[in-house]
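This is the structure I want to talk about, given as structure tokens.
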Amino acid sequence: MPVETPEWLNVCFVQKALRKSEEDNSINVIDIFTKPATNKGDNYGSDMIRALVEYTQDQAGRKITKKKSIIVKIAPINDGIRKDLILSSPLFNTEMSMMSNTLIKMNQLLKFKHLLSAKCLYTQKRDIPLLMLQDLAPLGFRMADREVGLDLAHCILALQGLAKFHAASVAVYEKEPSQKQLYVSGTFNPEHPKNFRDYFKNTVQSLGKEIETWPEIDQKYTKKIVNIASRTYEIGTKVSKPREGDFCVINHGDFWVNNMLFKYNEAGKPIDHIFVDFQLAVYTSPAIDLLYFLSTSPSVETIEDNKDVLLDEYLKTLSCTMKEIGCKTQPPTIEKLKDSLKERAAYGMIASFTVLPIVLCEKENIRDIDEIIGDDGRYENLSIKGALFRKIISKRIPMYDEMGLLDL
């Protein structure tokens with residue numbers, strides 16, 4: 001259900017946050033106007049509220065009236081499985097660390113030529129965890145259409161942005177090795193709540209049962225997918241761990257179409273890209289972000305015809321950026337990068353089975369986490385019944401079997 005603005009998110013609260021952010025006690029908030037910042041299906045790990053703030057501020061001895069649009073990202077407000085899941089996990093602490101620490105340093109290293117994220121205005125860890133962020137909409141950024149999938153122009157911008165993100169993370173942890181220790185959780189970690197881990201098992205199990213009704217699928221795959229379901233989280237954990245000798249970066253960790261925004265020119269062509277949502281950031285091989293993105297976000301035509309083009313663009317931008325900002329670490333060769341992708345191919349399969357159905361879900365079938373997972377253990381994920389998902393995954397399942405991934 002749509003989140004209502006909580007009573008505590010009022011003039012006094014916003015004034016306190018803005019004064020701290022601007023380091024200016026002359027700020028006096030006159031009024032705030034709030035509304036939900038996202039639609040159902042756009043965001044799962046938090047409640048997002050957009051607030052237009054009208055305030056005064058002293059400048060050169062005069063009181064100036066200003067307006068500012070901000071995003072307030074709050075740990076889930078309504079009681080239920082979703083709230084319990086998020087509050088019992090490290091997700092919010094991870095994002096706070098990224099937004100208030102690591103990303104600031106990464107943006108500075110890039111000399112703000114390519115902004116990786118919105119500005120963090122305020123964080124609160126106690127009571128109700130939240131972040132107050134710069135609203136990127138007034139700067140012209142907006143979401144792409146997740147159901148259509150990203151075309152080549154969008155994908156190139158996204159992977160150029162990812163390469164700069166990864167390069168800046170290398171420079172940060174070269175200067176401060178402790179930075180990479182802040183991001184050890186990610187998506188696959190045994191310390192995550194059971195409901196979080198079970199989501200992957202239940203989705204894959206449901207997919208295995210669903211394809212029993214698909215005549216276009218060889219039924220030998222049904223048993224294999226049902227059998228692999230209970231090991232899905234274990235497999236994801238294994239392939240996402242950094243290995244000795246790996247080239248590693250701080251990964252975004254949840255790099256799919258809804259966690260990035262694009263800016264467009266007058267002709268409707270994408271000209272800039274920026275990241276949002278850093279709850280699953282993790283230090284490991286960049287193959288994790290690449291496999292996740294390539295398995296979930298490009299259109300079918302884009303990924304089938306341009307995979308090598310996209311990898312080349314990523315690596316070219318990564319290498320150039322690392323050199324430009326003075327990284328001592330050497331970037332991987334294209335051969336080494338492809339080897340890493342092959343070694344971790346199961347990560348892409350898991351993303352296809354569990355995230356792609358959400359990406360392609362028709363609006364009428366979108367469900368919140370509390371609607372998918374019931375208090376009584378009930379599990380109902382309608383997104384795996386989507387027509388476009390069925391068309392795509394029917395082609396991918398035999399490919400995954402040929403790669404040996406259904407027998408792991």
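The values are calculated or read from the model by the stated rules, or taken from the named source; none is laboratory data. If you're wondering where the values come from, they're calculated on a predicted model, not measured in any experiment. Every residue, glycine as well, gets a Cβ built from its backbone with ideal geometry; the counts of neighbours run over all protein chains shown. Ligands, DNA and RNA are stripped out before the accessible areas are found, and what is left, the full protein with its side chains, is counted by its heavy atoms. Shrake-Rupley method; radii C 1.70, N 1.55, O 1.52, S 1.80 Å.
Report, by chain and number, residues whose modeled amide H sits under 5 Å from the one on residue 121, excluding near sequence neighbours (fewer than 5 apart, same chain).
The answer is 132, 133, 134.
Take residue 218 and residue 230, extend 7 Å from each Cα along the Cα→Cβ direction, and tell me the distance between the two endpoints in nm.
Distance between label points: 2.5 nm.
How high is the FRET efficiency from residue 23 to residue 330, r the C-beta distance, R0 30 Å, rounded to 0.05? Before the final figure, lay out the partial values.
Values: r = 40 Å, r/R0 = 1.35.
Taking R0 as 30 Å, the efficiency between residue 23 and residue 330 is 0.15.
A further question follows. Given H placed on each backbone N at 1.01 Å, which residues far from residue 251 in sequence or on other chains put an amide H within less than 5 Å of it?
For residue 251, whose amide H was placed from the backbone, the distant partners under 5 Å are 282, 283, 284.
With each run of n ≥ 4 DSSP H residues scored as -39500 (n - 2.57), what mean residue ellipticity at 222 nm is computed for the chain after dividing by its residue count and rounding to the nearest 500 deg cm²/dmol?
Working: 15 runs with 172 residues, N = 408.
Estimated from H runs of four or more residues: -13000 deg cm²/dmol.
Something else about it: Could you work out what % of the accessible surface of the chain is carbon and sulfur, using a 1.4 angstrom probe and leaving DNA, RNA and ligands out of the count? Provide the component values of the computation, followed by the final result.
Numbers: 9400 of 18840 Å².
Answer for the chain is 50 percent, counting heavy atoms of protein chains only.
Among 193, 357, 177, determine the one that fluctuates most according to a GNM of the chain built with springs between C-alpha atoms less than 10 Å apart.
Maximum fluctuation in the GNM of the chain, among the listed residues, is at 177.
Given a 1.4 Å probe and the protein chains all in place, what does the accessible area of residue 212 round to, in Å² to the nearest 10?
Solvent-accessible area, nearest 10 Å²: 110 Å².
Which one, 399, 284, 104, projects farthest toward the positive side of the charge dipole computed for the chain from Cβ point charges (K/R +1, D/E -1)?
About the Cα centre, the residue reaching furthest to the positive side is 104.
At residue 54 and residue 145, where each label point lies 7 Å from the Cα along Cα→Cβ, what is the point-to-point distance in nanometres?
So the two model labels end up 3.7 nm from each other.
Report, by chain and number, residues whose modeled amide H sits under 5 Å from the one on residue 150, excluding near sequence neighbours (fewer than 5 apart, same chain).
299
Express in nm, to one decimal, how much length is gained between residue 8 and residue 100 on full extension, taking 0.36 nm for each residue of separation and deducting their alpha carbon distance.
Working: separation 92, 0.36 × 92 = 33.12 nm, distance 2.26 nm.
Extra length available between residue 8 and residue 100 comes to 30.9 nm.
Tell me, what HN-Hα J-couplings in whole Hz come from the Karplus equation 6.51 cos²θ - 1.76 cosθ + 1.60 at θ = phi - 60° for each residue of the range 320-334, using x for Gly and Pro?
Coupling constants for the range 320-334: 5, 5, 4, 5, 5, 9, x, 5, 7, 5, 8, x, x, 6, 5 Hz.
Note the angle between two axes, namely the Cα long axis of helix 220-229 and the longest principal axis of the Cα atoms of the chain, as a number of degrees from 0 to 90, rounded to the nearest 10.
Approximately 40 degrees, to the nearest 10.
Using a Gaussian network for the chain with springs between C-alpha atoms less than 10 Å apart, which of these wobbles most: 179, 59, 108?
Of 179, 59, 108, the Gaussian network model singles out 59 as fluctuating most.
For residue 396, what accessible area in Å² do you get when you roll a 1.4 Å probe over the heavy atoms of the protein chains, rounding to the nearest 10?
40 Å²
What number comes out for accessible area per residue over the chain if the probe is 1.4 Å? Units Å², please.
Numbers: 18840 Å² over 408 residues.
Per residue, the chain has 46 Å² of solvent-accessible surface.
Could I ask something else about it? What do you get for GluC sites (Glu not before Pro) in the range 104-211 restricted to DSSP loop and a cutoff of at most 15 other Cβ within 10 Å of the site's Cβ? Could the numbers behind the result be given before it?
Numbers: sites: 147, 174, 191, 210; in loops: 147, 191.
Answer in residue order: 147, 191.
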